[in-house]
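The values are calculated or read from the model by the stated rules, or taken from the named source; none is laboratory data. All figures in this text were calculated on a predicted structure; none of them were measured in a lab. Glycine gets a Cβ as well: all are built from the backbone with ideal geometry, and neighbour counts include every protein chain shown.
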Amino acid sequence: MLELKNISLNVGKDSKDILNDVSFDFDSRKLYVITGPNGGGKSSLAKIIMGIYEPTQGQILFEGEDITNHDITQRAKLGIGYAFQQPPRFKGIKVRDLLKMASGETADYKHMCALLQDVGLCSQDYIDREVDDSLSGGELKRIEIATIMARDLKVAVFDEPEAGIDLWSFQKLAETFKNIHEKHDTTIVIISHQERILNLADEVIVMADGKVKEVTSKENFFADLEREELDCMCGLDCSKGVDKNVELIG
Amino acid sequence: MLNSLDNELLETIADLHEIPMGAYNIRKNGQKEGRNVTANIDIVSKTDKDGIDIIIKPGTVGESVHIPVIMSASGLNDTVYNTFEIGEGSDVFIVAGCGIHNPGEEDSEHDGVHEFFVRKGAKMKYVEKHYGEGGGKGKRIMNPKTIIEVEEDGVAELEMIQIKGVDDTLRETEIRLHKNAKVVVTERLLTFRDQFADSRIVIELLGEGSSAQVISRSVAQDDSVQKFYFNLVGKNKCMGHVECDSIIMHNAKVYSTPEISALHEDANLIHEAAIGKIASDQLIKLMSLGMTEREAEDRILAGFLH
Ligand SMILES: Nc1ncnc2c1ncn2[C@@H]1O[C@H](COP(=O)(O)OP(=O)(O)OP(=O)(O)O)[C@@H](O)[C@H]1O
Ligand SMILES: [Mg+2]
């Protein structure tokens, strides 16, 4: 339903590609987890999907329609959503205002409370707070996630929803993702480094160096991870990596 | 008589729908249009110049005074001097505002001095809204001056709002705080087209334990120009904090001059100032919720000036 065809992204001249010929087909109703090393291009890919970055090359199809030249607003109206890795803060805009905007002005008080509860926030304490510097990082992040949950989406991309979130809220959040996946048709894409989230995946996408390195099941992913752990990639002279380093030097 | 245009101006500047409850004095085109006094609040015309004395008895709690000024003719030049006596231990709400509807080609100008004596332990909230409209080429000019003296343990809260509509303004605010007196000033300003606004706020912290907080937010659009000058003068053990934030758009210009003057070793004064465009991640966030760039901008500005 969402098809990326040979997407490349390159900002500035002579620099290396942030994304390099990425092709991927997201099916409807599935839950994908994208993982991989820092700087691998995960957020950039999400921004390409939302229309925040324009690809230097390639094509994006959504339900068969070419949306490569659609702007952010048009894509949002088609049902694409993105929860920021680092959400912005707004002076003078309250949590309730933001949730209301997110829902297309339809959410009533009860609905907004339910949304806040889904991300583990006590609605009474937060609904009238301003989304400004007074919120902690984890609070802001959870409100950001709630704004995406407030929308009626066909594709929802969450960028490291676990970042900065305490263990208790995170547990709640993971459950919420699971519920959404079970009850709704939304295609869910979660960028994450967390085992608990990876466990929800129908498919795991590993990205590194601007490329899709591997698409696999969570079972295979964890199996591979265990093998790699025995066989450290850190490149330093650590106990696990000795053999490998010897090999490299040799 | 007040016509429907007057009522509209009144509603905008004073949140009044018709004739207000409580004490009021309505001035229209340089003349007294209506007045009401209460058992605790007296309003009398000055004899030496244009203006009124508003006298609030000590201990008056929960009452309000409305003193709107409306101007609906072109080519007027109106000047007033109003004095407020806020009696000891009282707690009152005062709404002043000036609405100019200038339909003609000549400039209309309203200059006013508002002088307040907030007596011992009294509490005052003062809201001032300035608003202009009208299709003619005549400018709408307003130059308000506010002077506030807050005595021991007194509290003054000021809200000064001017959103579009006023073409040329110099607003001067002078505040003097005595022992344990406190002031909170909230300023909201939006200029567009070729408007000019100059706001100068000087607060003298004279008494021990006095405190001042100023939160100024402005938006400058099109070719408009804004100038700000803030000065906190700490002459005793005191706390002062100025936070001014401006959003600049199009070809506008914003000049902000902060000054903090500590004349006592226990004066604790902070000034924070920032001028910048609307942050692009804010726009992107709202657009990704389905708004157009224009809608996103409007929402961000409305929140900022709220
Ligand atoms: N606007 C930009 N200008 C320049 N470089 C950029 C820009 N956006 C991303 N990059 C670079 O592209 C690479 C990929 O960044 P991206 O944010 O997509 O990584 P990521 O996989 O999300 O990493 P993380 O796990 O740390 O969030 C990084 O090297 C980053 O510095
Ligand atoms: Mg990232």
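Within region A:81-107, residues that are under 17 Å from B:Glu297 (Cβ atoms) and more than 8 Å from every other protein chain (Cβ to nearest Cβ) have Cβ atoms under 9 Å from residues that are crowded, with 20+ Cβ neighbours inside 10 Å and small (Gly, Ala, Ser) in these pairs: A:Leu98/A:Ala146; A:Leu98/A:Ala150, counting only partners at least 6 apart in sequence or on another chain. Candidates are the residues of region A:57-84 that are assigned to a loop (DSSP other than H, G, I, E, B) and under 17 Å from A:Val155 (Cβ atoms); the one that is farthest from ligand 1 (Cβ to nearest atom) is A:Gly64.
Given the residues B:His271, B:His306, which is the only one that is surrounded by fewer than 18 Cβ atoms within 10 Å (Cβ to Cβ) and at the interface with chain A (Cβ under 7 Å from one of its Cβ atoms)? Talk me through it step by step, then tell me what you get.
Values: B:His271 fails: at the interface with chain A (Cβ under 7 Å from one of its Cβ atoms).
Step by step, each of B:His271, B:His306 is checked, and only B:His306 is surrounded by fewer than 18 Cβ atoms within 10 Å (Cβ to Cβ) and at the interface with chain A (Cβ under 7 Å from one of its Cβ atoms).
Of all residues in region B:227-234, none are under 15 Å from the mean Cα position of the chain (by Cα), assigned to a strand (DSSP E or B) and among the aliphatic types (A, V, I, L, M). Among the residues making up region A:155-172, those that are within 14 Å of another protein chain (Cβ to nearest Cβ) and either acidic (Asp, Glu) or within 12 Å of ligand 1 (Cβ to nearest atom) (or both) are A:Val157, A:Asp159.
Does region B:230-238 contain any residue that is in contact with a helix residue (DSSP H, G or I) (Cβ under 6 Å, 6 or more places away or on another chain) and of a type in the set (Val, Ile, Thr)? The answer is no, given that none of the residues of region B:230-238 is in contact with a helix residue (DSSP H, G or I) (Cβ under 6 Å, 6 or more places away or on another chain) and of a type in the set (Val, Ile, Thr).
How about region B:96-115: which of its residues are within 18 Å of B:Asp42 (Cα to Cα) and surrounded by fewer than 22 Cβ atoms within 10 Å (Cβ to Cβ)? Full working, then the answer.
The first filter runs over region B:96-115 and keeps only residues within 18 Å of B:Asp42 (Cα to Cα), leaving B:96, B:114-115.
Answer for region B:96-115, where residues must be within 18 Å of B:Asp42 (Cα to Cα) and surrounded by fewer than 22 Cβ atoms within 10 Å (Cβ to Cβ): just B:Glu115.
When B:Val44, B:Val61 are checked against the criterion of being in contact with an Asp or Glu (Cβ under 6 Å, 6 or more places away or on another chain) and within 17 Å of B:Ala156 (Cα to Cα), a single residue qualifies: B:Val61. Residues that are more than 14 Å from chain B (Cβ to nearest Cβ) and within 16 Å of ligand 1 (Cβ to nearest atom) within region A:121-154 comprise just one, A:Gly137. Only a single item in (1) within 16 Å of ligand 1 (Cβ to nearest atom); (2) assigned to a helix (DSSP H, G or I) is not met by A:Leu99, and it is number (1). Restricting attention to region A:22-56, which residues are away from ligand 1 (no atom under 16 Å from the Cβ) and either of a type in the set (Lys, Arg) or touching a residue at least 24 places away in the same chain (Cβ under 8 Å) (or both)? A:Ser23, A:Phe26, A:Asp27, A:Ser28, A:Arg29, A:Lys30, A:Leu31, listed by residue number.
Quick check: anything in region B:251-263 surrounded by 18 or more Cβ atoms within 10 Å (Cβ to Cβ), outside any strand (DSSP E or B), away from chain A (no Cβ under 14 Å) and of a type in the set (A, V, I, L, M)? Yes: region B:251-263 contains one or more residues that are surrounded by 18 or more Cβ atoms within 10 Å (Cβ to Cβ), outside any strand (DSSP E or B), away from chain A (no Cβ under 14 Å) and of a type in the set (A, V, I, L, M).
Quick grid of which residues meet (1) of a type in the set (Gly, Ala, Ser); (2) under 19 Å from the mean Cα position of the chain (by Cα):
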{"residue": "B:Gly89", "(1), (2)": "yes, no"}
{"residue": "B:Asp111", "(1), (2)": "no, yes"}
{"residue": "B:Glu149", "(1), (2)": "no, yes"}
{"residue": "B:Gln162", "(1), (2)": "no, yes"}
{"residue": "B:Arg193", "(1), (2)": "no, no"}
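Return yes when B:Ile55 is at pLDDT below 95 and part of a strand (DSSP E or B) and no when it is not. Here the answer is no, as B:Ile55 does not meet what is asked. Within region B:177-195, being surrounded by fewer than 18 Cβ atoms within 10 Å (Cβ to Cβ) and either within 22 Å of B:Lys137 (Cα to Cα) or touching a residue at least 60 places away in the same chain (Cβ under 8 Å) (or both) holds for B:Phe192, B:Arg193, B:Asp194.
Out of all the residues in region A:9-64, which are away from ligand 2 (no atom under 16 Å from the Cβ) and either within 14 Å of another protein chain (Cβ to nearest Cβ) or in contact with a Gly (Cβ under 7 Å, 6 or more places away or on another chain) (or both)? Across region A:9-64, the qualifying residues are A:Asp17, A:Asn20, A:Gly51, A:Glu54. Within region A:1-21, track down each residue that is more than 9 Å from ligand 1 (Cβ to nearest atom) and either aromatic (Phe, Trp, Tyr) or in a strand (DSSP E or B) (or both). A:Leu2, A:Glu3, A:Leu4, A:Lys5, A:Asn6, A:Ile7, A:Ser8, A:Asn20, A:Asp21 - these are the residues of region A:1-21 that are more than 9 Å from ligand 1 (Cβ to nearest atom) and either aromatic (Phe, Trp, Tyr) or in a strand (DSSP E or B) (or both).
Restricting attention to helices (runs of 4 or more DSSP H) lying wholly within region A:108-210, give those where 1 or more residues are within 16 Å of ligand 2 (Cβ to nearest atom).
Values: elements: A:109-118, A:123-126, A:137-149, A:167-183, A:195-198.
Here the list reads A:137-149, A:195-198.
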